[in-house]
Amino acid sequence: MGLIWLTAVIVLVSMLLWWAFPILARIVGFFLFFDSLLTIVFRPAHAIPSRLPWLALGLFIWLLGHWTWAFKHGLWESRVALRIFRLPGLRRTIPRSTLIDNDRW
């Protein structure tokens, strides 16, 4: 009985993460990026060495949220994310489901 319960909880948590991750990742990534950027702008002497990794992490989480949304729904939620993923280094990571109808934006 314990193994079945544990499996059910794992499946339920996985389904909840699959449903909520794109939106939460975009929100958390944006706030982390924005907070790090404001700290770097207003307190550069204290923030430059310590906030740059947080800035990169915020951008990565934000982009991962957009990539997951595009993978799930087959379209891009924002033009900014589409343009970032069209850059030469990230072009190969575009989900194939969005390549079918690429002229929406």
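Any read-out appearing in this document is the output of simple, stated calculations on the displayed coordinates, not a laboratory observation. Everything numeric in this text was worked out from a predicted model, so none of it was measured. Cβ placement follows ideal geometry from the backbone for every residue including glycine, while neighbour counts extend to all protein chains displayed.
Farthest toward the positive end of the dipole of the chain, out of Leu6, Phe30, Ala81, is the Cα of Ala81, where the dipole comes from beta carbon charges about the Cα centre. Helical content alone sets the calculated 222 nm signal of the chain at -27000 deg cm²/dmol, taking -39,500 (n - 2.57) per DSSP H segment of four or more residues and averaging over every residue.
Overall, the chain carries a charge dipole of about 300 debye about its Cα centre when +1 sits on the Cβ of Lys and Arg and -1 on the Cβ of Asp and Glu, all other atoms neutral.
Calculate, in whole percent, how much of the Cα-Cα pair population of the chain lies beyond 24 Å.
Details: 2250 of 5460 pairs.
Result: 41 percent of Cα pairs exceed 24 Å.
For the chain, relative contact order (Cα pairs under 8 Å, six or more residues apart, normalised by length) works out to 24 percent.
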